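Student: Pasting a structure below so you can have a look.
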Amino acid sequence: MRPIDLWRSEVRRAGWTALLTPPVATAVLVLVALLDSGTATDEATARSLLAALEMAMPLAAGVGAASLVGRDPAVELQLTAPTSYRSTLLRRLVVTLGWAALLAVLVVGVLVMTGWWPPSRGIVSGQLIWLAPTLCLGGLGFLAAAAFRGPAAAGSLIAAVWIVQQVFPSAFQDQAWSRLLYLFATTRGAVSDEWTANRLTLVATALAFGVVGWLLLGRTERLLRGEAE
C-alpha cells in the first residue's frame, strides 16, 4: 500500500468523533465570538476568538484522541497484522491532532489578517497559545483511551479535566506548580510572566502522556481483555 493510501485509510478509520469534533467546536465558539462583535469592541472580539482558539481546540483534540481505542471490530485480528496495532493508533492520533491543528491555523490566519492577533505574542511563538493545551489534552486522551480501553470513560475524563479548569481557575493559579499545568493561561491566566514556562510544561506533559499511552498499548492482553468486556 502506498503511503498516501495508508494515510487516507487512517483518516477514514479515525472515526466521526475525531473528525467532526474539531470543526464543530471551532464553529460554535467562533460563531459566538462573531455574534458578540456586533455589540463589542474589536479588542473584545479578538479576545473571544483567542479564547475559542485556546479552549475549543484542546477539548476537540482530547475527545477525538480519547475515541481512538476500543472502536475497532475484531482487534485480535489487527494484533496479528505485520504492522503493530499501536502504530496504527499512533497514526490516527497524528490525523486527529493534525486536523485540529489545521483548523487552529485557519483561526490564527483570521486573527492575523484582521489585526486582532495579540501584539504581546509573536506569530511564531504565539502558536503555543493553542498548540500546548491541544497537545496536552490530546496526549491525555490517548493515555486515557489506552488505560480504559474504551472511548466513553476516556472522553469523560477529558471533559472533566476541561470543565474543572474552566470552572475553578483559581484552584490552579494559587500555587506555582499548578499554574504550570493550567490549560488556559493565555486568556484566563493571572501571572503573565510564567506563560512560556506554562506552555513548555504542557508540551512536556503531553509527551509524557503519549509515551505512557504507547507503553500501555504494547500490552496486547489488555486490549484483548477490553475487547472481551
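The values are calculated or read from the model by the stated rules, or taken from the named source; none is laboratory data. Just so it is clear, the model here is predicted, and its values are computed rather than measured. FYI the Cβ positions are ideal-geometry reconstructions off the backbone, even for glycines, and counts take in every protein chain you see. SASA here: full protein model, heavy atoms, side chains in, ligands and nucleic acids out. Shrake-Rupley method; radii C 1.70, N 1.55, O 1.52, S 1.80 Å.
Student: Any idea which of Leu102, Leu111, Leu68 is open to solvent by 20 Å² or more (accessible area, probe 1.4 Å) and at pLDDT 80 or above?
Tutor: Checking each option against the conditions leaves just Leu102.
Student: Listed residues Ala60, Ala56, Ala27; which is modelled with pLDDT under 80 and among the small types (Gly, Ala, Ser)?
Tutor: Ala27
Student: List every residue pair whose Cβ atoms sit under 6 Å apart, with the two residues 6 or more apart in sequence or on different chains, where the first one lies in the stretch 122-138 and is in contact (Cβ under 8 Å) with a residue 40 or more places away in the chain and the second, anywhere, is assigned to a helix (DSSP H, G or I) and hydroxyl-bearing (Ser, Thr, Tyr).
Tutor: Matching pairs, first to second residue: Cys136/Thr205.
Student: Specify which of the listed residues (Ala204, Ala152) is over 16 Å from the mean Cα position of the chain (by Cα) and in a helix (DSSP H, G or I).
Tutor: Within the list Ala204, Ala152, the selection yields Ala152.
Student: Then there is this: Are any residues in the stretch 161-183 in contact (Cβ under 8 Å) with a residue 24 or more places away in the chain and closer than 18 Å to Ala204 by Cβ, and if so, which ones?
Tutor: Passing the criteria: Val161, Leu181, Leu183.
Student: Ok, one more. Go through (1) among the polar types (S, T, N, Q); (2) over 30 Å from Leu89 (Cα atoms); (3) surrounded by fewer than 15 Cβ atoms within 10 Å (Cβ to Cβ) and name the single condition Thr186 misses.
Tutor: (3)
Student: A further question follows. Restricting to the stretch 159-183, name every residue that is touching a Lys or Arg at 6+ places or on another chain (Cβ under 8 Å) and surrounded by fewer than 19 Cβ atoms within 10 Å (Cβ to Cβ).
Tutor: Scanning the stretch 159-183 gives Pro169, Gln173.
Student: Give the residues of the stretch 117-150 that are crowded, with 24+ Cβ neighbours inside 10 Å and in contact with a Lys or Arg (Cβ under 7 Å, 6 or more places away or on another chain), sorted by residue number.
Tutor: Ile129, Ala132
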